[in-house]
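As structure tokens, the structure follows; a few thoughts come after it.
The values are calculated or read from the model by the stated rules, or taken from the named source; none is laboratory data. Nothing here was measured: the structure is a model prediction, and the numbers come from that model. Here the Cβ positions follow ideal geometry from the backbone for every residue, glycine too, while neighbour counts run over all protein chains shown. Keep in mind that these areas ignore ligands, DNA and RNA; they rest on the heavy atoms of the full protein, side chains included. Shrake-Rupley method; radii C 1.70, N 1.55, O 1.52, S 1.80 Å.
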Amino acid sequence: MSLPAFIDLYKDLIKLPSISSSDSTWDQSNVAVINQLAEWLSDLGFTTDITEVAAAPGKFNLVATLGEGDGGLLLAGHTDTVPYDEGKWQTDPFTVVEKDNRLYGLGTIDMKGFFAFVIEVLKTMDREKFTKPLRILATADEETTMSGAQQISEQKHFRPDYAVIGEPTGMVPVTMHKGHMSEGIRITGRSGHSSDPDKGLNAIDVMHLVLSELKQVQQTFKDKYHNPHFEVPYPTLNFGAITGGDSPNRICGCCELHIDMRPIPGVTTNELFITVKQALSEIEKRYPDSLEIFHLHEPIPSYECPLHSDLIDNAEIYTGNKATSANYCTEAPFIQALGCDTIVLGPGHIAQAHQPNEYLDLSFVKPTKEVIGKLIQHYCI
């Protein structure tokens with residue numbers, strides 16, 4: 001069976017909706033994308049293993065393998081996309097439209113399109129010459145919980161030497177990035193009539209104290225930590241959302257704050273979480289059973305590829321670009337947990353991701369195929 005041409009690979013992937021979202025009205029299975037990739041890779045001689053993600057029933061990972069044993073190269077990516085802004089797209093998000101030397105569509109760079117590049121390159125290679133295994137990993141739910149990659153990190157069946165995650169980096173090797181933590185802080189007070197505030201416990205008043213302490217934590221992060229590789233060289237703490245109360249004539253009985261924290265390499269998610277807990281400990285003592293701190297999702301650690309890695313050296317040579325860091329977060333820490341040096345490298349720019357009218361600039365096509373081919377050639381043949 002002949003595989004589709006490059007542009008048709010793209011079209012066939014983008015037309016299969018695979019949105020992941022914490023909003024159940026948007027959330028979808030990725031099974032159609034997984035099955036399509038498995039079919040194409042099977043036609044190329046790969047063995048395929050499809051596994052349901054335990055933490056996300058109805059979502060699936062795919063590991064496709066050409067060759068046997070450990071070592072070799074892993075090319076990885078996620079199969080889900082973010083939701084799209086209805087009414088803001090100039091084209092159908094699920095139909096690839098070629099216009100102005102660009103391919104428009106949801107997932108063209110973030111990041112289902114990366115798999116089209118991989119398959120297109122493999123079509124032209126003599127796969128009988130492989131001396132080390134090549135594995136293709138396609139994961140679920142990167143845009144929400146990263147539960148697909150987390151499950152892969154726990155498996156013991158294979159251990160690649162090197163891994164490349166094809167997120168949109170403009171074909172600049174990314175060798176470190178910050179982690180991501182989303183935390184909730186809930187104050188439970190005692191509601192009552194606003195005419196006598198002292199007869200209740202106003203949750204907004206208590207949250208005011210919490211905010212004051214967390215402002216100090218922001219400064220502690222700046223003073224205590226520093227990594228010169230990042231434009232923002234310290235862990236950040238952002239106040240993202242706050243809700244509380246239901247009427248001006250009632251004492252507020254509940255107030256909830258959601259914060260975002262971004263640990264830098266060398267700083268664990270647990271260290272930042274404990275810093276917040278300690279900062280709020282006196283408020284907890286003053287108002288027993290009123291303050292709760294909880295994860296909105298499992299913390300995602302920061303990541304750094306060893307600076308001496310052969311993979312970094314070759315990626316810089318093949319792309320002509322110096323390795324850099326990124327403030328956004330990827331599946332890299334979970335992939336690297338397999339024991340492989342890992343970089344993030346792919347076509348398109350992150351600025352187009354999560355935006356209406358997402359597109360791949362076609363100027364990336366030739367260099368991206370060349371780099372993928374050289375990586376496979378070097379590490380598998």
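Pairs meeting the criteria (first residue in segment 238-258 and within 24 Å of Asn327 (Cβ to Cβ), second residue part of a strand (DSSP E or B) and of a type in the set (Asp, Glu), beta carbons under 8 Å, at least 6 apart or on different chains) are Asn238/Asp260; Gly240/Asp260; Ile242/Glu256; His258/Glu183.
For Glu370, the stated conditions do not hold, so it cannot be described as of a type in the set (Asp, Glu), closer than 28 Å to Phe6 by Cβ and surrounded by 22 or more Cβ atoms within 10 Å (Cβ to Cβ). Out of segment 201-251, which residues are surrounded by fewer than 17 Cβ atoms within 10 Å (Cβ to Cβ) and in a loop (DSSP other than H, G, I, E, B)? Tyr225, His226, Pro228, His229, Glu231, Val232, Pro233, Gly245, Asp246, Ser247, Pro248, Asn249, listed by residue number.
Within segment 89-108, residues that are surrounded by 17 or more Cβ atoms within 10 Å (Cβ to Cβ) have Cβ atoms under 9 Å from residues that are basic (Lys, Arg) and in a strand (DSSP E or B) in these pairs: Thr108/Arg102, counting only partners at least 6 apart in sequence or on another chain. Scanning segment 44-74 for residues that are part of a strand (DSSP E or B), touching a residue at least 60 places away in the same chain (Cβ under 8 Å) and aliphatic (A, V, I, L, M), which turns out nearest to Gly346 (Cα to Cα)? So, considering only residues that are part of a strand (DSSP E or B), touching a residue at least 60 places away in the same chain (Cβ under 8 Å) and aliphatic (A, V, I, L, M), the one nearest to Gly346 (Cα to Cα) is Leu74. Of all the criteria given as (1) over 30 Å from Asp310 (Cα atoms); (2) open to solvent by less than 30 Å² (accessible area, probe 1.4 Å); (3) of a type in the set (A, V, I, L, M), the one not satisfied by Ala76 is (1). Could you please let me know if Ile343 is touching an Asp or Glu at 6+ places or on another chain (Cβ under 8 Å) and of a type in the set (A, V, I, L, M, F, W, C)? Here the answer is no, as Ile343 does not meet what is asked.
Listed here are the residues, each with its yes/no results for (1) open to solvent by 40 Å² or more (accessible area, probe 1.4 Å); (2) assigned to a helix (DSSP H, G or I); (3) β-branched (Val, Ile, Thr).
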site	(1), (2), (3)
Phe117	no, yes, no
Met125	no, no, no
Glu128	yes, yes, no
Leu137	no, no, no
Glu142	no, no, no
Gln151	yes, yes, no
Gln155	no, no, no
Ala163	no, no, no
Glu183	no, no, no
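Total residues in segment 336-379 satisfying the condition of being among the hydroxyl-bearing types (Ser, Thr, Tyr) and either closer than 21 Å to Leu9 by Cβ or in a loop (DSSP other than H, G, I, E, B) (or both): the figure is 3.
Taking the numbered list (1) in contact with a Leu (Cβ under 8 Å, 6 or more places away or on another chain); (2) open to solvent by 20 Å² or more (accessible area, probe 1.4 Å) in turn, Glu86 passes all entries but (1).
Which of the residues spanning segment 296-308 are open to solvent by 80 Å² or more (accessible area, probe 1.4 Å) and either touching a residue at least 60 places away in the same chain (Cβ under 8 Å) or under 23 Å from Tyr225 (Cα atoms) (or both)? Step through it out loud before you land on a result.
Let us first name the residues in segment 296-308 that are open to solvent by 80 Å² or more (accessible area, probe 1.4 Å), namely 298, 307-308.
Glu298, Leu307 - these are the residues of segment 296-308 that are open to solvent by 80 Å² or more (accessible area, probe 1.4 Å) and either touching a residue at least 60 places away in the same chain (Cβ under 8 Å) or under 23 Å from Tyr225 (Cα atoms) (or both).
Are any of the residues in segment 24-43 assigned to a loop (DSSP other than H, G, I, E, B), surrounded by fewer than 21 Cβ atoms within 10 Å (Cβ to Cβ), at negative phi and of a type in the set (Phe, Trp, Tyr)? Yes, segment 24-43 contains a residue that is assigned to a loop (DSSP other than H, G, I, E, B), surrounded by fewer than 21 Cβ atoms within 10 Å (Cβ to Cβ), at negative phi and of a type in the set (Phe, Trp, Tyr).
Residue pairs whose Cβ atoms lie under 6 Å apart, sitting 6 or more positions apart in sequence or on different chains, and linking a residue in segment 190-210 that is under 19 Å from Ile283 (Cβ atoms) to a partner that is of a type outside the set (Lys, Arg) and open to solvent by 50 Å² or more (accessible area, probe 1.4 Å), are Gly200/Ser191; Ala203/Cys254.
Of all residues in segment 258-271, those being buried (at least 20 other Cβ atoms within 10 Å of the Cβ) and more than 20 Å from the chain's Cα centre (by Cα) number 0.
What number of residues within segment 44-73 satisfy the criterion of being over 20 Å from the mean Cα position of the chain (by Cα) and open to solvent by 40 Å² or more (accessible area, probe 1.4 Å)? Even if it seems obvious, please write down each step before you answer.
Narrowing segment 44-73 to residues over 20 Å from the mean Cα position of the chain (by Cα): 44-50, 64-73.
Restricting the remaining residues to those that are open to solvent by 40 Å² or more (accessible area, probe 1.4 Å) gives 45, 47-50, 67-70.
Result for segment 44-73: 9.
Look at Phe294 and say whether it is in contact with a strand residue (DSSP E or B) (Cβ under 7 Å, 6 or more places away or on another chain), over 19 Å from Lys178 (Cβ atoms) and modelled with pLDDT of 95 or more. So Phe294 fits the description; yes.
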